[in-house]
1. Of the residues Val35, Val50, which is in contact with an Asp or Glu (Cβ under 7 Å, 6 or more places away or on another chain), within 16 Å of the ligand (Cβ to nearest atom) and among the aliphatic types (A, V, I, L, M)?
2. For region 223-244, which positions are touching a helix residue (DSSP H, G or I) at 6+ places or on another chain (Cβ under 9 Å) and surrounded by fewer than 19 Cβ atoms within 10 Å (Cβ to Cβ)?
3. Might you check whether a residue that is of a type in the set (Ser, Thr, Tyr), assigned to a helix (DSSP H, G or I) and buried (at least 20 other Cβ atoms within 10 Å of the Cβ) occurs anywhere in region 206-213?
4. Restricted to region 158-192, and to residues that are within 16 Å of the ligand (Cβ to nearest atom) and assigned to a loop (DSSP other than H, G, I, E, B), which residue is surrounded by the most Cβ atoms within 10 Å (Cβ to Cβ)?
5. Within region 163-175, is there a residue that is over 23 Å from Leu199 (Cα atoms) and within 19 Å of the chain's Cα centre (by Cα)?
6. Could you figure out which of (1) within 19 Å of Val35 (Cβ to Cβ); (2) buried (at least 19 other Cβ atoms within 10 Å of the Cβ) isn't true of Leu203?
7. Which residues, taken from region 209-232, are within 13 Å of the ligand (Cβ to nearest atom) and more than 18 Å from Ala25 (Cβ to Cβ)?
8. Here's a check for you: in region 233-246, which residue that is part of a loop (DSSP other than H, G, I, E, B) and touching a Lys or Arg at 6+ places or on another chain (Cβ under 8 Å) is nearest to the ligand (Cβ to nearest atom)?
Amino acid sequence: MNRRDDIAANLTTIEERVRAACSNAGRNRADVTLVVVTKYHPVSDIDLLVSLGVADVGENREQEATTKMADLRARWTVEDLRLHFIGQVQTNKVRRVAAIADAVHSVDRPRLVTALDQAVGHARAERRRTSELSVAIQVDLQPVLAVSSTPGRGGAHPDEVMSLADQVASTGHLRLAGLMCVAPLGVEPDRAFEHAAALSARLQASYPEARWLSAGMSHDLEAAIQHGATHLRVGTAILGPRPAAQ
Ligand SMILES: *Cc1c(COP(=O)(O)O)cnc(C)c1O
């Protein structure tokens, strides 16, 4: 099989899983967005994905994403293709992230909120960007799950989510979209996403528009849908194993 057929077959399988999980959870398929995580995979794969009807892709490294988007924006508009930035953002990279991302799922500290807001403001003033940047607050669930911490994955402490949300909501250029989490290794995804759902409910009590719950990857998307995920971030199950980092 060629690459296009492989990806199309994997997309069909994922679509069946998503539909079955929505049906089990009594949810509408239309309320769940599939973000295909394309990190490490070539631009040609993203072209294939768009031609197969995928409109949302996720990248986690600024430099790689910048290079790919420079190429892709020559062919695809924002209606065709939206970039979700899902990796840790260094404060010195915010200008470039603001230039390419339609959403950032990984906002986890006050300094990053300030820097991103300024960067989007500059981009809009210079007419390099028209829209606000949708932002999800990444929460680190390890403290509430009482598992030993794996450092370096990012995420705010659950106790800090509301103050970060207040900060995002008070900016001029960021739209508070919701929450993002990764189920920690060695924990039942069900247990992790149950906590995330509770945090999301608390957030929406203050900010009803902050409905995103970005949760669920290749191996745990069913549990995420069961607990209300609105955005799935699926890489391996659609594109296969990632090539080694360049
Ligand atoms: C790479 C990545 C994914 C995709 O994971 P798969 O197991 O390949 O589906 C999802 N979320 C984040 C934050 C990632 O970095």
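Computed from the coordinates by the stated procedures, all read-outs in this text should not be read as laboratory data. No experiment lies behind these values; they were computed from the predicted model shown. Using ideal geometry, Cβ is built from the backbone for each residue, glycine included, and neighbour counts are taken over all protein chains shown.
1. Numbers: Val50 fails: within 16 Å of the ligand (Cβ to nearest atom).
The match here is Val35.
2. Ala237, Gly240, Arg242
3. Restricting attention to region 206-213, the residues satisfying the condition of being of a type in the set (Ser, Thr, Tyr) are 206-207.
After this cut, where a residue has to be assigned to a helix (DSSP H, G or I) as well, the list is 206.
Checking the rest, the ones that are also buried (at least 20 other Cβ atoms within 10 Å of the Cβ) come to none.
No, region 206-213 contains no residue that is of a type in the set (Ser, Thr, Tyr), assigned to a helix (DSSP H, G or I) and buried (at least 20 other Cβ atoms within 10 Å of the Cβ).
4. As a first pass, look at region 158-192 and keep what is within 16 Å of the ligand (Cβ to nearest atom): 177-187, 189, 192.
Then drop every residue that is not assigned to a loop (DSSP other than H, G, I, E, B), which leaves 181-187.
Numbers: Cys181: 27, Val182: 25, Ala183: 23, Pro184: 19, Leu185: 10, Gly186: 9, Val187: 16.
Result: Cys181.
5. To start, the set of residues in region 163-175 that are over 23 Å from Leu199 (Cα atoms) comprises 172-173.
This time we only want the ones that are within 19 Å of the chain's Cα centre (by Cα), so: 173.
Within region 163-175, one or more residues are over 23 Å from Leu199 (Cα atoms) and within 19 Å of the chain's Cα centre (by Cα).
6. Every listed condition holds for Leu203 apart from (1).
7. Ser218
8. First, the residues of region 233-246 that are part of a loop (DSSP other than H, G, I, E, B): 235, 240-246.
Those still in the list that are touching a Lys or Arg at 6+ places or on another chain (Cβ under 8 Å) too: 235, 242.
Values: Gly235: 3, Arg242: 7 Å.
Only one residue tops the list, namely Gly235.
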